[in-house]
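What follows is a set of notes on a single structure, which appears directly below.
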Amino acid sequence: SPSLVYFNANFTELYEKTIRGVVMVMGLAQTLLSENVGLGSGFVVKHGSTYYILTNYHVVRGVSNLTVTFFNGESYPAQVVGTDPYSDLAVLNCTAPLELYYPLNMTFSSSLRVGDLVIAIGNPFGLTGTMTTGVVSQLGRTITSEFTGGYAIANIIQTSTPINPGNSGGPLLNARGEVVGMNTAIIRDSQGVGFAVPSNTILRELPYLVKTGGYDRHPWLGLRGINVNYYIAKAAGFNVTYGWLIQEVIPGGPSDKAGLRGGTKTLTVLGTQIKIGGDLIISIDGHPVRNNDDIARILVEYTYPGQTVNLTIIRDGLKLVVPVTLGKRPPP
């Protein structure tokens, strides 16, 4: 059980086993008035026969003269190999000698359950090699940032592990010292709550980031919508109180071609203007859709561009199944 795992975990051994694979990532961030030192965390992985440093995209975004500092305090120049803003991921290579690379093992985050013990190691506020612990608070969250073009970063792990600026890019570990995610301090002032990009996403994207410098296999429905609650459901005349209500169908997009419908009439519900009259999505390929988190998680976890999925919708009081061939998300 998770409680037994927690009390049997030897944190000291786990820390000593993994700390050599955790690094500090630093660079120069240019502003209008000055040049500041930006910092974050990262960790070593091995892909094929080559060692790489993984970190967050927002750690290296707009930064020059990147360096990586290893566990023994030595620093070496680094270069960006590949980035994906949509998942807040970046891959670096470095000129350090081979004996400094201690790659961490990644396992699939799909094995995580709410209540599982997790450990974060990183450099919050530049305090190197800091370890914090907590539990998985929830799975399948979405978070947003200013560099994703309005799209959410999907399938995020929420934890009770304290995450602060400087932790970004560091590993989230399970009780065996395996990487299950990458911590991200992208949400400011998130007291008592940590977020991490899941290892499932990292493992899926890493080969593309290394080979092509980017990742362009994010599926796209071409919709804008809102989560339905009891009040919206009653205002719209639905007999279900969950799901995702389409507000707008992007012209020429995958859902437009499939014949999905957006809202036609504007109402004010609890002080917010919404459009009713559009389709209500309640499942994708049999996976229940309660809200936008579910849509983002299902698409990221199970689908690719070009794949046809079956959307179960409610339209005019009737339950319909509409096949949609997913597109490729436009650049941010």
Odd one out for residue 142 among (1) surrounded by 20 or more Cβ atoms within 10 Å (Cβ to Cβ); (2) of a type in the set (Val, Ile, Thr); (3) touching a residue at least 40 places away in the same chain (Cβ under 8 Å):
(1)
Given the residues 107, 83, 50, 55, which is the only one that is at pLDDT 95 or above, closer than 26 Å to residue 218 by Cβ and open to solvent by 50 Å² or more (accessible area, probe 1.4 Å)?
50
Restricted to segment 287-321, and to residues that are surrounded by fewer than 18 Cβ atoms within 10 Å (Cβ to Cβ) and among the charged types (D, E, K, R), which residue is nearest to residue 154 (Cα to Cα)?
301
Is it the case, given these coordinates, that residue 225 is on the phi > 0 side of the Ramachandran plot and either part of a loop (DSSP other than H, G, I, E, B) or open to solvent by 10 Å² or more (accessible area, probe 1.4 Å) (or both)?
no
Name the residue, out of 282, 202, 250, that is under 17 Å from residue 310 (Cα atoms) and in contact (Cβ under 8 Å) with a residue 24 or more places away in the chain.
282
Name, by its number, the condition in (1) in contact (Cβ under 8 Å) with a residue 40 or more places away in the chain; (2) open to solvent by less than 70 Å² (accessible area, probe 1.4 Å); (3) in contact with a strand residue (DSSP E or B) (Cβ under 9 Å, 6 or more places away or on another chain) that does not hold for residue 233.
(1)
Quick one: residue 242 ticks every box in (1) within 25 Å of the chain's Cα centre (by Cα); (2) modelled with pLDDT under 95; (3) open to solvent by 50 Å² or more (accessible area, probe 1.4 Å) bar one, so which box is it?
(2)
I'd like to know if segment 10-19 contains one or more residues that are part of a strand (DSSP E or B) and surrounded by 14 or more Cβ atoms within 10 Å (Cβ to Cβ).
no
Reported set for segment 251-281 where residues are among the hydrophobic types (A, V, I, L, M, F, W, C), touching a Phe, Trp or Tyr at 6+ places or on another chain (Cβ under 7 Å) and open to solvent by less than 50 Å² (accessible area, probe 1.4 Å) is 269, 280, 281
Just to check your reading of the model, which residue among 332, 323, 288, 305 is at pLDDT 95 or above and closer than 21 Å to residue 216 by Cα?
305
How about segment 98-212: which strands (runs of 3 or more DSSP E) wholly inside it have at least 3 residues that are of a type in the set (A, V, I, L, M, F, W, C)?
117-122, 130-143, 153-159, 179-184, 194-198
Residue pairs within 6 Å by beta carbon, gap of at least six or interchain, first lying in segment 85-104 and closer than 15 Å to residue 50 by Cβ, second in a strand (DSSP E or B) and of a type in the set (S, T, N, Q), listed first then second, are 93/79
Answer residue from segment 33-47, given it is under 24 Å from residue 200 (Cβ atoms) and not polar (S, T, N, Q) and is most open to solvent (accessible area, probe 1.4 Å) among those:
46
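The values are calculated or read from the model by the stated rules, or taken from the named source; none is laboratory data. All of these numbers come straight from a predicted model, not from anything done at the bench. As a convention, Cβ positions derive from the backbone with ideal geometry for all residues, glycine included, and neighbour counts pool all protein chains shown. Areas reflect the complete protein model, heavy atoms only, side chains present, ligands, DNA and RNA absent. Shrake-Rupley method; radii C 1.70, N 1.55, O 1.52, S 1.80 Å.
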